[in-house]
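Below is one structure, written out as structure tokens; the observations come after it.
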Amino acid sequence: MRRTKTWIEHWDPEDETFWKATGERIARRNLLYSVLSEHIGFSIWSLWSVMVLFMGPAYGIDPAGKFFLIATATCVGALVRVPYTFAVARFGGRNWTVVSSLLLLAPTVGALVVMEPGTSYGTFLAVAALTGVGGGNFASSMTNINAFFPLRKKGWALGLNAGGGNIGVPVVQLLALLVIATAGAGRPRVLLAIYLPLIVIAAALAALRMDNLAPVRNDTGAVREAVRDAHTWIMAFLYVGTFGSFIGYSFAFGLVLQTQFGRTPLQAASLTFVGPLLGSLIRPVGGALADRFGGARITLGTFVAMAAATGVVIFASVRESLPVFLVGFVALFVLGGLGNGSTYKMIPGIFQAKALARGMSGEDAAAYGRRLSGASMGLIGAVGALGGLGINLAFREAFSTSGSGTAAFVTFLGFYAACCAVTWTVYLRRPAAVASPAAGTAAKAQLTSV
């Protein structure tokens, strides 16, 4: 391995000798600080899921307007994932982690300035949009960590990286609960002040402890190939069902509790964090299970269970039973987190299988898999996050027309059924056909384990 200051010139994680001697230690160190930066990014991205709990009658914003605020943050966070993915190759993983961490200061300072009654709704929308930069951190972090680890470790590494980041959602919600319980619902600036030094610390640690990988270069050919490949969009569709559900429900949970079940800000905040926390903690488990049993199998089982849990939520919504509703809703978070880990494990496996089907082997196949999966992850992550936008818009429409979220949950149930059908048809019923009818034994074996 050749290292020039913060740049590593040679990186071959599939070489077991290289991996055991130096690669694993360096990869794990970069993973640690990547998780920290992404964690704070998720907290800032989900900031308005708790800011709306501080916005009492004096703010003059109805539930539909609050849902649109969090939908705006979700939308921008989804869209910026695409350029953030390619920024890693353009600037280097370590360099971009520093920059993307410091960018989190803008929405945090913005919210610190405007969070008071009398501020115009348009101003709130603009500041909520700024928090989208936190959503972009996920895409660049996942692309960066994907390049550090060998295929056999990707499910675990990507699951841990994303899970540690996802925990940023319940952490900001827990801190909001603490602020509301101690300082009161009229002191949102206390929460914002907590995050300013944390952002600076994350950026400084990334600058001091992370590395750039010189072999990772912007490859417009890989981007074009990923865009043309049907599996990029199939996996994006499935990721809407897993991550879109996780982030959409995370942003909306507290507001649903306030609007449909009449909870106070403190009561809502005391429940809001539970689902996102469990969903975040189980994401690495989803990746590890996918490493062992195959991502498609775990993903299909997850969607079947999510459909069942949605049925429970619909029943509870109709009967207006808060305890049953909480059981079903928290189950959706846990299952969404599990599916997040399994779907992301599938991505590099699919593209490596395609390489094997083309006659590549060894490092050539692994390099092709890293190249295409890295290019596709930003697109998949962006579309998946747009699922969160869809969830919040569905809730906004449902509550505007009926005062209940039941109609939105019926829509989600139909979508999970479609995800089950796609997963089974494409990746389990005839997995060898993903490569080609003439695919070799190695390619078919790889696809079976996707």
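Pick out the one residue from Arg283, Arg292 that is assigned to a helix (DSSP H, G or I), open to solvent by 10 Å² or more (accessible area, probe 1.4 Å) and in contact with a helix residue (DSSP H, G or I) (Cβ under 9 Å, 6 or more places away or on another chain).
Among Arg283, Arg292, only Arg292 is assigned to a helix (DSSP H, G or I), open to solvent by 10 Å² or more (accessible area, probe 1.4 Å) and in contact with a helix residue (DSSP H, G or I) (Cβ under 9 Å, 6 or more places away or on another chain).
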Original post:
Within the range 336-344, is there a residue that is open to solvent by 40 Å² or more (accessible area, probe 1.4 Å), assigned to a helix (DSSP H, G or I), in contact (Cβ under 8 Å) with a residue 40 or more places away in the chain and not charged (D, E, K, R)?
Top reply: no
Original post:
Can you name every residue in the range 149-185 that is in contact with a helix residue (DSSP H, G or I) (Cβ under 7 Å, 6 or more places away or on another chain) and within 18 Å of Arg263 (Cβ to Cβ)?
Top reply: Pro170, Gln173, Ala176, Leu177, Val179, Ile180, Ala181, Ala185
Original post:
Just a yes or no: is a residue in the range 311-327 open to solvent by 10 Å² or more (accessible area, probe 1.4 Å), of a type in the set (S, T, N, Q) and out of contact with any helix residue (DSSP H, G or I) (no Cβ under 7 Å at 6 or more places or on another chain)?
Top reply: yes
**OP:** Quick one: Arg263 ticks every box in (1) more than 18 Å from the chain's Cα centre (by Cα); (2) assigned to a helix (DSSP H, G or I) except a single one, so which number is it?
**Re:** (2)
Subject >> Among (1) in contact with an Asp or Glu (Cβ under 9 Å, 6 or more places away or on another chain); (2) part of a helix (DSSP H, G or I); (3) not charged (D, E, K, R), the one test that Ser404 misses >> reply: (2)
**OP:** Output the number of residues of the range 9-30 satisfying the condition of being open to solvent by 10 Å² or more (accessible area, probe 1.4 Å) and under 30 Å from Gly132 (Cβ atoms).
**Re:** 2
**OP:** Would you confirm whether any residue within the range 356-376 is open to solvent by 30 Å² or more (accessible area, probe 1.4 Å), in contact with a His (Cβ under 9 Å, 6 or more places away or on another chain), within 27 Å of Val82 (Cα to Cα) and not aromatic (Phe, Trp, Tyr)?
**Re:** no
Original post:
Name the residues in the range 89-132 that are open to solvent by 10 Å² or more (accessible area, probe 1.4 Å) and within 19 Å of the chain's Cα centre (by Cα), would you?
Top reply: Trp96, Thr97, Leu103, Ala129, Leu130
**OP:** Kindly indicate whether any position in the range 322-344 is out of contact with any Phe, Trp or Tyr (no Cβ under 7 Å at 6 or more places or on another chain) and modelled with pLDDT under 90.
**Re:** yes
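The values are calculated or read from the model by the stated rules, or taken from the named source; none is laboratory data. The model shown is predicted, which means the values in this text are computed figures rather than measured ones. Cβ coordinates were reconstructed from backbone atoms using ideal geometry, including for glycine residues, and neighbour counts include every protein chain displayed. We work out accessible area using only protein heavy atoms, side chains counted, and drop any ligands, DNA or RNA first. Shrake-Rupley method; radii C 1.70, N 1.55, O 1.52, S 1.80 Å.
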